[in-house]
Amino acid sequence: MNYERITQKLSILADAAKYDVSCSSSGSKRSNPDKKLGDSSGMGICHSYTEDGRCVSLLKILLTNYCIFDCAYCVSRRSNDIQRAAFTVEEVVDLTINFYRRNYIEGLFLSSGIFKNADYTMERLVRVAKTLRLEHGFNGYIHLKTIPGASEELLREAGLYADRLSVNIEIPTDDGLKKLAPEKKRDEMTTPMQHISTGIVASKEERKVIRSAPAFAPAGLSSQMVIGATGESDLEIMQTADNLYQHYQLKRVYYSGYVPISNDQRLPGLGSPVPMLREHRLYQTDWLMRFYGFQMQEILHPEYRNLDLALDPKTGWALQNLHLFPVDVNRADREMLLRVPGIGHKSVDKIVAARRFRSLTFEHLQKMGVSMSRARYFLLCQDKNEVLRRAPGDRTQLRNVLIRQAHSKYRSALVQQGSLFDQADETTGLSATAVPDLHHLFADSL
Amino acid sequence: MSTLEYDGSFEGFLTAIFDCYAQKKTDVRIRNACASTTTLFGTNIRVRTDTEKSNRVWEGLKKRTTKEAARQFYCNFLSELPDFEDHLLEYARYVFASREDVSRDFSHPAVLRTAQVARMVGREKHRMEAFVRFQLSGEIYHASIHPDYNVLPLIGPHFKSRYADQRWFIWDEARHYGLLYDLEHLQVVHETPEETQADTARTSDYARLWKTYFQSTNITERRNMKLHVQHVPYRYWKYLCEKQPL
Ligand code: SF4
């Protein structure tokens, strides 16, 4: 290994890959029956965290940052005057294996700029995955980003070796895409999604009958959107996301606040803040849709196009629907408990388990770790007098109380545009990047 | 009050619980013989570890609760927190006194406590699975850790299935014992293998490449050290090669 050369390539190609926020390494069932290297049957582990507080789970790099395209929002666009580099297939394989053996990573997330053409690039990405699996018996996690316009055949091969495939939507609206990436076509994104999604469904069916049939992208399909680059509304973003979940069975959609990289007139200029709070609210909305039984239309609709930045979307929804509250902790069903601001899945599990033994009081809930600061306004317990009684029509007042509360809690984070929000947060019952599939603690037995 | 002293092993502790029942003792506490200080009041009774007794308690616990509850019970033992014996004894008493499975009765203090401590231990286990950084010396990958709780027994199976084709060794600096995997079995050892003592000072190329990666993947515009430190508390930094000067 030429250490100096690899170091240089690594710093260029990791830097160019960092804007893709996905770093999940869960959802694969790949175990290690033949006593070779690696096991991805667990929940996925964050091995470290960057100084911006994001999980480092995978070796996330580009194969190359040479690109024939000129997407305005991308550092690797061909008109950008930057240092270029390219890894060989062997170099990526070697880094992956050696990082994995030292317990630095769960696996590889490989993406690339487009050199020559889509298939030429995709073929190399696939070759990396194939070499890892077949020549090195590697059972760690592999995420391949597909190249827009790559052939169906290559996608099929990619799905055989990768755990996850992603097709990035990049810009949430078609207009925005036309403006910023005129060389890209929306259907070059949706067609591969269709192929992959069909492949995943078919392989699942097949494996029900023949257990040894090969898995196809067992950790599913994901996508990413850049937020705040084109003046789109939250409604437009979540409509696109909802459409992806509904039509292509996506596992995850990622929202990536645009980090300004140029002074292109079409985009927010250098030095504009990264819309991190907005990004956080979008993740929360996404969570409400995927794990809390909410329909997108309950949260955003044409009369309500943008999320309230001051409050989490669940609290926002509750304030619009005060007639459904307070909810009786000892009687309400799971679905309704999950809709109470401040109560997350863990709390609901505990409540439902514990109330079988006795009627729960305010104090019980507190001791159990249910965060009552927000929930108390929406809950009824055994000792009813603990509940702050609301006169009807108090919505504005309650809203102010809740905002003040959220502010004092998050003030420091708001000031530094930070995302303290990204931690698992039982207060909102929601979390953004601390995804549940990464943070399950117990996967094993005694 | 009498104190039952056990030898520090899990079997010993379960035997002590058995003896509490067998001797119909109520005003009693259980303590680790190695850790406990002599008491001024009451009597100290030495427990003789007996696997038949300990098995009966263990099987009884599992039968009356769930596998998950038994796992949590064991995690509490590994927590080594002060007075964990009292909580577990109270927990066991509640379980054995109840007809139905009470392991999810979270409004009962002992049940709640057991679940909470198990969660803390689980978090530490998860952290160690994440923060172990192997170095390669000769043919063996080795690492040192200093976990808050005694989680080495919990993390062994994870590393064994993941690194089935490489020899590895993890040393608990706080408790002075380690786990060695020799491509076949997991073994508890009380000394570090010789090959791991050589040239630990030299940082390998891959460790340096990893640090290069770690720095390049960071987005400075999003810097948030508070969150960073919350995820990677200072006390773990010395084991993480990406947090070392190159
Ligand atoms: S095709 Fe991809 S790598 Fe190339 S400029 Fe567009 S976004 Fe960047």
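The values are calculated or read from the model by the stated rules, or taken from the named source; none is laboratory data. This structure is a prediction, so every number in the text was calculated from the model and none was measured. Note: ideal-geometry Cβ built from the backbone for every residue, glycine included; neighbour counts use all protein chains shown. SASA here: full protein model, heavy atoms, side chains in, ligands and nucleic acids out. Shrake-Rupley method; radii C 1.70, N 1.55, O 1.52, S 1.80 Å.
The figures follow:
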| item | result |
| --- | --- |
| FRET efficiency, 1/(1 + (r/R0)^6) with R0 51 Å, evaluated for A:Glu205 and A:Asp394 via beta carbons | 0.45 |
| Extension gain (nm, one decimal) between B:Asn55 and B:Arg123, 0.36 nm per residue minus Cα-Cα | 21.7 nm |
| Karplus (6.51, -1.76, 1.60) ³J(HN,Hα), θ = phi - 60°, over segment A:307-315, in Hz, Gly and Pro reported as x | 5, 6, 5, 6, 10, 5, x, 6, 4 |
| B:Trp237 paired with A:Thr88, simple spin-label distance in nm, labels 7 Å along Cα-to-beta-carbon | 3.9 nm |
| Rounded to the nearest 10 Å², the accessible area of A:Tyr120 at probe 1.4 Å | 70 Å² |
| Amide proton proximity set for B:Asn44, modelled H, under 5 Å, gap of 5+ | B:Thr3 |
| Distance from segment A:6-48 to segment A:74-116 (C-alpha centre basis), Å | 12 Å |
| Whether segment A:290-341 is rounded, prolate or oblate, judged on the alpha carbon gyration tensor where a/c under 1.5 counts as rounded | prolate |
| Nearest 10 degrees, 0 to 90: helix A:395-415 Cα axis against chain A principal axis | 40 degrees |
| Helix A:89-101 axis, angle to chain A major axis (alpha carbon atoms, nearest 10°) | 40 degrees |
| In order through segment A:143-150: 3J(HN,Hα) via Karplus (6.51 cos²θ - 1.76 cosθ + 1.60), integer Hz, x for Gly, Pro | 10, 10, 8, 7, 8, x, x, 5 |
| Cβ neighbours within 10 Å from other chains - mean over A:59-68 | 1 |
| Residue-averaged [θ]222 nm for chain A, counting only DSSP H segments that reach four residues, each worth -39500 (n - 2.57) | -12000 deg cm²/dmol |
| Relative contact order, percent, segment A:3-274 [alpha-carbon distance under 8 Å, six or more residues apart] | 17 percent |
| Reciprocal mean inverse distance between Cα atoms of chain B - Kirkwood radius, Å | 20.6 Å |
| Using alpha carbons only: equivalent-ellipsoid semi-axes of segment A:134-239, gyration tensor based, whole Å | 30, 14, 13 |
| Potential extension, B:Thr66-B:Arg208 segment - 0.36 nm per residue separation minus Cα distance | 46.5 nm |
| Segment B:2-124 - Debye-derived log10 I(q)/I(0), Cα point model, q = 0.14 Å⁻¹ | -0.56 |
| Contact order normalised by residue count of segment B:2-124, Cα under 8 Å, 6+ apart, percent | 25 percent |
| 28 Å Cα-Cα threshold exceeded, pairs from A:Lys35/B:Lys63; A:Lys346/B:Lys63; B:Lys25/B:Lys62 | A:Lys35/B:Lys63 |
| Unsatisfied cross-links (Cα-Cα over 27 Å) in the set A:Lys18/A:Lys179; A:Lys145/A:Lys178; A:Lys116/A:Lys185; A:Lys251/B:Lys67; A:Lys29/B:Lys160; A:Lys18/B:Lys238 | A:Lys251/B:Lys67 |
| Amide proton proximity set for B:Tyr141, modelled H, under 5 Å, gap of 5+ | B:Arg167, B:Trp168, B:Phe169 |
| Shape call, chain A: gyration tensor on alpha carbons, a/c limit 1.5 | prolate |
| Zone of A:Glu135's modelled label, taken as backbone nitrogen in segment A:91-105 under 13 Å from a point 7 Å along Cα→Cβ | A:91-97 |
| Residue mean of other protein chain beta carbons inside 10 Å, B:102-113 | 5 |
| 0 to 90° range, to nearest 10: angle between helix A:276-291 axis and chain A longest Cα axis | 80 degrees |
| Sequence-separation-based contact order of chain B, relative, with Cα cut under 8 Å and 6+ spacing, percent | 13 percent |
| Distance (nanometres) between label positions extended 7 Å along Cα→Cβ at A:Asp34 and A:Asp119 | 3.0 nm |
| Where N is the number of residues in segment B:132-243, Cα Rg divided by 2.2 N^0.38 Å | 1.18 |
| Spin-label pair A:Met336/A:Gln246, simplified geometry with 7 Å Cα→Cβ offset, distance in nm | 2.8 nm |
| Amide H partners (placed H, <5 Å) of B:Tyr177, local residues excluded | B:Asp172 |
| Chain A, accessible surface, carbon-and-sulfur percent (1.4 angstrom probe) | 50 percent |
| Computed FRET value (nearest 0.05) for A:Arg358 with A:Met1, which takes r as the C-beta separation and R₀ as 60 Å | 0.40 |
| Test item: Cα-centred dipole of chain B, Lys/Arg +1 and Asp/Glu -1 on Cβ, debye | 900 debye |
| At R0 = 45 Å, FRET efficiency that the Cβ-Cβ distance of A:Arg305 and A:Ser79 yields, to 0.05 | 0.85 |
| Karplus-derived HN-Hα couplings along segment B:172-187 (A = 6.51, B = -1.76, C = 1.60, θ = phi - 60°), whole Hz, x at Gly and Pro | 8, 5, 6, 10, 6, 8, x, 10, 10, 10, 10, 6, 10, 10, 8, 9 |
| Rounded, prolate or oblate (a/c below 1.5 giving rounded, otherwise prolate when a/b exceeds b/c) for segment A:193-326 by Cα gyration tensor | oblate |
| Choice from B:Met128, B:Met120, B:Met225 showing the highest fluctuation, given a GNM over chain B with Cα pairs closer than 10 Å | B:Met225 |
